[in-house]
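Notes follow the structure.
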Amino acid sequence: MNKQKKCSTQSIMSVFYSPDYIIDGAFDTIGKAGELADLLTLDPVAGTRIVKPVSATRRDIVSVHDETYVDRVLNGHGGQFSSDDESAVSVLATTGGVLRAVETVLENGGCAGSLSSGLHHAKYDSGSGYCTFNGLVIGARQAISLGAKRVLILDLDAHCGGGTKQLIGLLRDQDIDGIEQVDVSVSSFDQYHNATFAQLKIVGASDYLVTIQQSLDAIVDPGSIDLVIYNAGMDPHEKAGGLQGINTSVIRQREAMVFEWAKSFDLPIVWVLAGGYSGGSFTKRDVAALHRITVEEAARVYLNVTMIAASASD
């Protein structure tokens, strides 16, 4: 695929979101998207626009997942959050946001995002860890079908992306190659053995940023990547489910590192929210403010937007 090198001229970053993402009373994985959408509406990041995506279809989902499992979820059973039609609407909407973001950057270059969470633990015929369908792999599979030859899934959620690794392997068994994963985690949940196409490192707070930079530097021929899908979890943060010492400053440095690395090779990149949880005095709005850092750093790097003030503090 011939990537369109349009990153330097991008003026608008689409952020895909729909109220259909939300399940009433749902856990943070789903509910926080609405909080972040509110923040971005009340205090927009310059150059960004919220766009309602077309939802994914059954055909999109079964390109990666078992048909029987998919039908069970779409009929109101087997989802990770509720056993009703609301859950099916939500997972189709959040997956659709990933797909629309992928299509946008493959067509135009640059950067786009979706306020989607609950993706990387989902396996071929089951959900896990608040993840029902693996929108990361569904998005990567869509990119391959649109002509991409090489797609990188960069997973910096606190937990390992074992579902992603399994699904990439199953696609490779069908001779659908070109998808790879780089995964830096701070928890062993959903741990997996490394493979040529999936590299996992589990680290502590003291070597967190160094390991991410080393993992990016170790990617062979990054200029040949057609698309990066970035699972930008906030749960490594010390107040959002992660490790003491990974504070807001570290998270902002991480986001800057990722987008600056991708931009240096003019790589189209799609970001999604992934994990990040409230608890105690740390509210859903606080979690949303952390996720806003992803939007701010993406806009700063890809749109050359100057950030006036930090959106979150420790």
Karplus 3J(HN,Hα) series, Hz, for segment 64-70 with 6.51 cos²θ - 1.76 cosθ + 1.60 (x for Gly, Pro): 10, 9, 4, 4, 5, 4, 4
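If you take the Cα Rg of the chain and divide it by 2.2 N^0.38 Å, with N the number of residues, what do you get?
Working: Rg = 17.4 Å, N = 314, 2.2 N^0.38 = 19.6 Å.
Scaled against compact globular proteins, the figure is 0.89.
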Under-5 Å amide H pairs with Ser185, H placed in peptide plane, nonlocal only: Lys201, Ile202, Val203
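Students often check this: by mean Cβ neighbours within 10 Å, which of 270-282, 173-185 ranks highest, and how do the rest follow? If you can, show how the numbers build up before the last one.
Numbers: 270-282: 22.2, 173-185: 18.6.
The most tightly packed comes first, giving 270-282, 173-185.
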Dipole of the chain, positive direction: furthest Cα of Gly97, Leu170, Ser206, with charges on the beta-carbon: Gly97
Dipole of segment 11-302 [Lys/Arg +1, Asp/Glu -1 at C-beta], most positive-end residue of Ala158, Val287, Tyr130: Val287
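Using a Förster distance of 25 Å, how high is the FRET efficiency between Ile202 and Leu170, based on the Cβ-Cβ distance and rounded to 0.05?
Details: r = 23 Å, r/R0 = 0.94.
E(calc), rounded to 0.05, equals 0.60.
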Gain on full stretching of the segment that runs from Thr57 to Lys149 - 0.36 nm per residue minus C-alpha separation: 30.8 nm
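What is the local net charge at Ala218, summed over the other residues whose Cβ is closer than 13 Å to its Cβ (Lys, Arg +1; Asp, Glu -1)?
Result for the local shell: -3.
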Residue with peak Gaussian network fluctuation, the chain [Cα springs, cutoff 10 Å], from Leu119, Leu170, Leu106: Leu170
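Taking 2.2 N^0.38 Å as the expected size of a compact globular protein, what ratio does the Cα radius of gyration of segment 218-301 give against it, to two decimals? Could you put the intermediate results ahead of the total?
Numbers: Rg = 13.7 Å, N = 84, 2.2 N^0.38 = 11.8 Å.
That works out to 1.16 for segment 218-301.
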Residue-averaged [θ]222 nm for the chain, counting only DSSP H segments that reach four residues, each worth -39500 (n - 2.57): -12500 deg cm²/dmol
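Since every read-out is calculated from the coordinates, none of them should be taken as a lab result. Note that the structure is predicted; figures quoted are calculated from it, not measured. Here the Cβ is made from the backbone with ideal geometry for all residues, glycine too, and neighbour counts use every protein chain on show.
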